[in-house]
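Below you'll find the structure, written out as structure tokens, and then a few comments.
The values are calculated or read from the model by the stated rules, or taken from the named source; none is laboratory data. Just so it is clear, the model here is predicted, and its values are computed rather than measured. Cβ placement follows ideal geometry from the backbone for every residue including glycine, while neighbour counts extend to all protein chains displayed. Please note that ligands, DNA and RNA were not included when accessible areas were found on the heavy atoms of the full protein model with its side chains. Shrake-Rupley method; radii C 1.70, N 1.55, O 1.52, S 1.80 Å.
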Amino acid sequence: MPRFLLLTILLYLLIAALPATALVALSPQARRDLSVLETAYPGVMTAIEVSPDGRITVVLRDGARIAYDDGRARTPQQAVLDPDLKTMLAQPYPLGPVTAEPPLWFSPGRSRVQALFLALYGHDRAEVRANCRPVVFFNQRLDFNTRFGAADAFKRVSDRLTRLAAADPGIKRFLLPASGGMVWRMIAGTDRLSVHSFAAAVDVSPRGNPYWRNLPRGKNMLAVRQRFPEQVVAAFEAEGFIWGGKWAEFDLMHFEYRPELLLLARLARGEAVPLRPIDSLLRPSR
């Protein structure tokens, strides 16, 4: 047998014997982002495929295939309407008190990859509803999705706020009545499903807390944002919820379950956050 052919065969056998993780590599940002998704939503990803040119495709457990970074340049509006996973996770959610008016289009969490949320919570109204259970929020019962700990997290928020309201009954005017739970609908002015469709968000005191579409764009809302009780925001954030009051396109009534963004925020401020490994999910694309 010619030497070059023997070497070729040996090289092929060596490569075939290597684990898939030895054949693919992720950038530090991609590894961080995908590890955070696996930690927040364990099992929703069944594979992470990496092409020879480094393009990453995430395979979800419902069979959907979505790009981590599709390479497209996006305007701020396109980043909200049609993000890839990298874009969805790009804006850092700011933990803690609101100290300044956010710049235009800084609204971490408004970019959502809809295919991911369908895989997380249900593909239609009936499937989402079947995944829900009622959670008591003060004197109301709101349906919340049980998948990936959302309903349990909302119950813990409710318990925290009940204790806070016992010490300071005045905070109830910022919270009640609440609405949301499972409401299958599109976001106003778009063809994208609201997070309320997935029963993973709640609106508190909708008539008392302003929404950006009802006020002039670019209006300085800092004083209004800061008037909202900081301890209420902290109670939600402690359980994996983000607050729309920190968005440039403000939605002060809105809290939604986004544990991946809270994990990224804690990592950004240097906390030691244990992340689930993803190496077993890596494979070269074919």
### Exposed GluC sites (Glu not before Pro) absent: longest stretch of the chain, with sites in DSSP loops and at most 16 other Cβ within 10 Å deemed exposed
1-248
### Query
How big is the shadow of the Cα convex hull of the chain, averaged over all directions, in nm²?
17.7
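Report the number of Lys pairs in the chain whose alpha-carbons are under 23 Å apart, with separation of 8 or more residues or on distinct chains.
Numbers: Lys86/Lys246; Lys155/Lys172; Lys155/Lys246; Lys172/Lys246; Lys219/Lys246.
Lysine pairs satisfying the spacing and distance rule in the chain number 5.
Ranking request for peptides 174-181, 90-97, 199-206: highest mean number of other beta-carbon atoms within 10 Å first, then the rest in descending order.
Details: 174-181: 18.8, 90-97: 16.1, 199-206: 23.9.
For the peptides 174-181, 90-97, 199-206, the packing ranking is 199-206, 174-181, 90-97.
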#### Entry: Options Leu267, Leu193, Asn131, ranked by Cα towards positive dipole end of region 91-273, top entry (Cβ charges)
Leu193
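Within region 24-101, which trypsin sites (Lys or Arg not before Pro) sit in a loop by DSSP and count at most 14 neighbouring Cβ atoms inside 10 Å?
Passing sites in region 24-101 are Arg55, Arg61, Arg72.
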### Query
Taking all protein chains as present, what is the carbon and sulfur share of the accessible area of the chain, in % to the nearest whole number, probe 1.4 Å?
56
### Query
For the chain, what is the mean residue ellipticity at 222 nm derived from helices alone (per DSSP H run of n ≥ 4: -39500 (n - 2.57); sum divided by total residues; nearest 500 deg cm²/dmol)?
-9500 deg cm²/dmol
